[in-house]
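Take a look at the structure set out below.
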Amino acid sequence: MTSPLAYVIPILVDIGYSWWRMLAALLLSVIFSWAVGVTAATNKTAEKIVLPTLDVLQSVPILGFFPVMIFAIIAVLPGKPGIELAVVFLIFTSMAWNMAFAVYEAVKAIPKEFVEMTNDIGMSALGKLRHLYIPASWPKLAYNALVSWDVGLFFLVSSEIITLGNSSYSVSHGIGVAIATYAAQGNYVAYSEAIALLLVVLVITRALFLRPWALWSEKFKTAEEARAERPDVVYRSYRWIGEKTKAKIFYNLQGIGLIFKPFSRAARSINRRLGTRSTFVGKLVVIVFSLFVLALIIHTIFLGIVALHPIFQLSFWLYLAHLEREVIVALAYSFIRVWGVYAISLVIGVPLAIKAALSEKLYEPVSTATQIISSIPGPVLLPAMVVALLTLPFRGELVAAIVIFLGSFWYIFFNVLGSARTIPKPMLEAADLYGIRGLRRWKDIYIPAVMPSLVTGSITFIGGAWNTLMVAEYFAVSSSSGSVVLTQVGQGIGKLLDIATYSGNLPLLGLSIISMSLLIVAINLTFWRWAYNYTTKRFSYNV
Amino acid sequence: MYEEATQDEGQPQEETSAVLLTVKSISYSVQLEKRVLDVLKDISFSVNDGQFVSIIGPSGAGKSTLLRIIAGLVRPTSGHVYYRDQEVTRPIKNISMMFQNYALLPWKTALENVEIALYSNDQLPAKEKREKALKALTAVGLSGFENAYPGELSGGMKQRVAIARALVLEPEILLMDEPFSALDPLTADHLRNEVYSYLINPQSPIRSVIMVSHNVEEVIELSDKVVVLSPRPAHVVGEIDILLNRPRDKKSFEFYTYVDQVFALLT
């Protein structure tokens, strides 16, 4: 038997692979957010296009699109680099939208006089970006990057696991790969080590990178903002962890400054070059780049037409109709699964969060502990659950429910925790004064007070839950000896997506994604929009 | 990039009656959902070389909009603004503006806040930009505070950083939008003459100042000419030349005669 320590290095290598994907996606997201957020905030036409687009992108189950992404990207860039790019792109799609919104909001909030001032002194567009828009967006961007990191981690592990079902798409290294492979081999020593190491690296990443970033960005807050803004739950927890781990030392190293200095220097030199010399070179770069993008688009459309030739035959449509029936049944099963787990999460999450928020003793430890637990991407625990629940009936259902729960529960918990914290003191004092206690207190004070954020949390919960289905409903690992299905449910849209992916059934894949997206967007536009408007109007303090 | 207005170097200094800026039949209206709202209506006046001109009017009359039109930040619905013989259609180097809340970037130091005005000047080496900014800060009495952030400065000091930023571009005309309204009344009272001396002195590049204000005493204390605007849509109801020696005695009879005169036009 090999020594348990023998796995440490390979696991760290795997984490290294995963982290490069995460950081690449984060960097892409930051650049995307600046480009799109600033454009939308400063240009009315762009604003009208960008906001609804981001809204839809935020609400469709991105993970479902992952297989299509792999097919598309591999068509252009075959082999491992293509898969690698697909994974990075998937993580990017889970990180970027909320960050772009953050930049948009921050730039929108810049007082008009600042923009006028830059016009008055004749600042160039690039100068405004560098001296006004980017600095002003740092605080919101950094905070949203913290949130995006957790979401991205979930997508990272999920995408790595999804690729494993089919050996021709699989990434060779990554923490998700390591965990799934060790689990399939029954090597539980290595498996537990991998999870433990992941947790350690996660905490270090926070202390060394994410937290200093958030702290550093504080200096870009205007004086009024700094005074008005209460540090929120998530941030407070980070601060608490930081103080406990004495991360101050790392902050003083200003590692983050070392990372960003070269960028700002490069930007300055580009700025100077574009400004002093004739803009011919700049134009040339833009032209060549646009031509390249145009060629890429034409190439893709051409490939699409070639791939789509069967749509002109009736038999193809009959086949589609047959598939769609299957898809609708699967959707119904998944719908019940998602909303069932949602109901359970409400029953557990709401009382727990309110209790924790209102107790001075419980608040700090609970919010910190839940922060750490919530950052463990649920899918890494999947193999352990499969084994632990081996003898139980409905094992597949149970595993699916737990994975959905782990992936989405936190949205409800943290939203309610945050808003219960901000229930005005006089309201609680009045409740004390009039002896409103027990169930009445919950019904008349607590629940209405947290209602608007409960709806916000619920919308994200449902959105997140649909996303988890692809890993929750079906989990397969392929190895040299053939693929092993570790867990699966009877029927479900996530399972259908997996099977369509592994068997390369593009029509089924397309139908599943489109049907699922339509269902989700429809519920968002009707039920959730109503719920959101109703609760924010009915349960807001400032009436 | 700026359009450099050609400056006649040989022009003698005594010729102070030359017109530096002309505002000609400026009208400005905004399209609301159902109707058109007239903000400014046929406003004309001129600013002579060496003059400190104030625009006064009730709040909401569109004084700030007028100032932004003069700065070239906002385009009027009709009418023209001329700096010497050149029409102003966008910000030019010879006209600089000081904003009501100073618009100092909170993430830049006092020195950097002055320096950003020079960023777009490619001919100037970085070292000279820094030196110029330092000189401007020294001119407003802020040497030693180069590395302070706006959040660490008092209201009066922030105002002086904003003045330095306006001065560093060496404009001939400075536009000031309610420069003292962000300060508490006591500080503002104290600083008025000081600010005047920073702007109008032999070393200063500034030849004329246009200030927007709603404080009658402040306007009489500082101006050579007062342009009084009516409520919306604003038009010029009177121009008064203030012929008092500086520094002005706010308790004098002549001072109050002017105050009454302005009040009479305002009401």
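Of all residues in the stretch B:121-144, which are away from chain A (no Cβ under 12 Å), on the phi < 0 side of the Ramachandran plot, surrounded by fewer than 18 Cβ atoms within 10 Å (Cβ to Cβ) and not basic (Lys, Arg)?
Of everything in the stretch B:121-144, those that are away from chain A (no Cβ under 12 Å), on the phi < 0 side of the Ramachandran plot, surrounded by fewer than 18 Cβ atoms within 10 Å (Cβ to Cβ) and not basic (Lys, Arg) turn out to be B:128, B:131, B:138, B:143.
Can you give me the number of residues within the stretch B:165-197 that are in a helix (DSSP H, G or I), hydrophobic (A, V, I, L, M, F, W, C) and more than 14 Å from chain A (Cβ to nearest Cβ)?
Residues that pass the stated criteria total 4.
Could you please give the count of residues in the stretch A:80-118 that are crowded, with 23+ Cβ neighbours inside 10 Å, within 14 Å of another protein chain (Cβ to nearest Cβ) and not β-branched (Val, Ile, Thr)?
Qualifying residue count for the region: 2.
Output the number of the condition that residue A:195 fails; it satisfies all remaining conditions of (1) within 21 Å of the chain's Cα centre (by Cα); (2) among the β-branched types (Val, Ile, Thr); (3) at pLDDT below 80.
Among (1) within 21 Å of the chain's Cα centre (by Cα); (2) among the β-branched types (Val, Ile, Thr); (3) at pLDDT below 80, the lone unmet condition for residue A:195 is (3).
What residue, of A:434, A:342, is surrounded by fewer than 17 Cβ atoms within 10 Å (Cβ to Cβ) and not charged (D, E, K, R)?
A:434 is the lone residue from the list that is surrounded by fewer than 17 Cβ atoms within 10 Å (Cβ to Cβ) and not charged (D, E, K, R).
With respect to residue A:6, is the statement that it is part of a helix (DSSP H, G or I), on the phi < 0 side of the Ramachandran plot and surrounded by 14 or more Cβ atoms within 10 Å (Cβ to Cβ) true?
In short, no.
Kindly list the number of the only condition in (1) closer than 22 Å to residue B:222 by Cβ; (2) away from chain A (no Cβ under 11 Å); (3) of a type in the set (Gly, Ala, Ser) that fails for residue B:162.
Condition not satisfied by residue B:162: (2).
Please go through the stretch B:52-64 and give me each residue that is modelled with pLDDT under 90 and either of a type outside the set (A, V, I, L, M) or over 21 Å from residue B:218 (Cβ atoms) (or both), ordered by number.
Once the filter is applied, which keeps residues that are modelled with pLDDT under 90 and either of a type outside the set (A, V, I, L, M) or over 21 Å from residue B:218 (Cβ atoms) (or both), the stretch B:52-64 yields B:57, B:58, B:59, B:60, B:62, B:63, B:64.
Considering each residue of the stretch B:39-83, count those that are assigned to a loop (DSSP other than H, G, I, E, B) and among the polar types (S, T, N, Q), and give that number.
Residues in the stretch B:39-83 being assigned to a loop (DSSP other than H, G, I, E, B) and among the polar types (S, T, N, Q): 3 in total.
Select from the stretch B:186-227 the residues that are among the β-branched types (Val, Ile, Thr), within 16 Å of the chain's Cα centre (by Cα) and within 16 Å of residue B:265 (Cα to Cα) and list them in ascending order.
B:219, B:220, B:226, B:227
What residue, among those in the stretch A:119-138 that are touching a Ser or Thr at 6+ places or on another chain (Cβ under 7 Å) and part of a helix (DSSP H, G or I), is farthest from the other protein chains (Cβ to nearest Cβ)?
A:128
Here are A:330, A:384, A:369: which of them is closer than 28 Å to residue A:522 by Cα and out of contact with any Lys or Arg (no Cβ under 6 Å at 6 or more places or on another chain)?
Going through A:330, A:384, A:369 in turn, just one is closer than 28 Å to residue A:522 by Cα and out of contact with any Lys or Arg (no Cβ under 6 Å at 6 or more places or on another chain): A:330.
Restricting attention to the stretch A:68-79, which residues are in a helix (DSSP H, G or I) and either surrounded by 14 or more Cβ atoms within 10 Å (Cβ to Cβ) or small (Gly, Ala, Ser) (or both)?
A:68, A:69, A:70, A:71, A:72, A:73, A:74, A:75
Could you tell me whether the stretch A:457-474 includes any residue that is hydroxyl-bearing (Ser, Thr, Tyr) and modelled with pLDDT under 80?
Yes: one or more hits.
Output the qualifying pairs, or none if there are none: Cβ atoms under 9 angstrom, residues six or more apart or on different chains, first residue in the stretch B:142-159 and assigned by TED's automatic domain parsing to the domain that holds residue B:109, second residue among the basic types (Lys, Arg) and part of a loop (DSSP other than H, G, I, E, B).
Short answer, once both residue conditions are applied: B:149/B:108; B:150/B:108.
Give the residue that is nearest to the other protein chains (Cβ to nearest Cβ), with candidates limited to residues of the stretch B:92-115 that are assigned to a strand (DSSP E or B) and in contact with a Pro (Cβ under 7 Å, 6 or more places away or on another chain).
B:96
Would you say residue A:386 is more than 23 Å from residue A:371 (Cα to Cα) and among the β-branched types (Val, Ile, Thr)?
yes
Quick one: would you say residue B:118 is free of Cβ contacts under 8 Å to residues at least 60 places away in the same chain and more than 14 Å from chain A (Cβ to nearest Cβ)?
Taking the combined requirement at face value, the residue does not satisfy it.
For every residue, the table says whether it meets (1) farther than 30 Å from residue A:495 by Cβ; (2) exposed (fewer than 11 other Cβ atoms within 10 Å of the Cβ); (3) modelled with pLDDT under 75; (4) assigned by TED's automatic domain parsing to the domain that holds residue A:127.
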{"residue": "A:269", "(1), (2), (3), (4)": "yes, yes, yes, yes"}
{"residue": "A:285", "(1), (2), (3), (4)": "yes, no, yes, no"}
{"residue": "A:293", "(1), (2), (3), (4)": "yes, yes, no, no"}
{"residue": "A:320", "(1), (2), (3), (4)": "no, no, no, no"}
{"residue": "A:325", "(1), (2), (3), (4)": "no, yes, no, no"}
{"residue": "A:328", "(1), (2), (3), (4)": "no, no, no, no"}
{"residue": "A:331", "(1), (2), (3), (4)": "no, no, no, no"}
{"residue": "A:337", "(1), (2), (3), (4)": "no, no, no, no"}
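The values are calculated or read from the model by the stated rules, or taken from the named source; none is laboratory data. Not measured: the values here are computed from a predicted model. Virtual Cβ from ideal backbone geometry, glycine too; neighbours counted across all protein chains shown.
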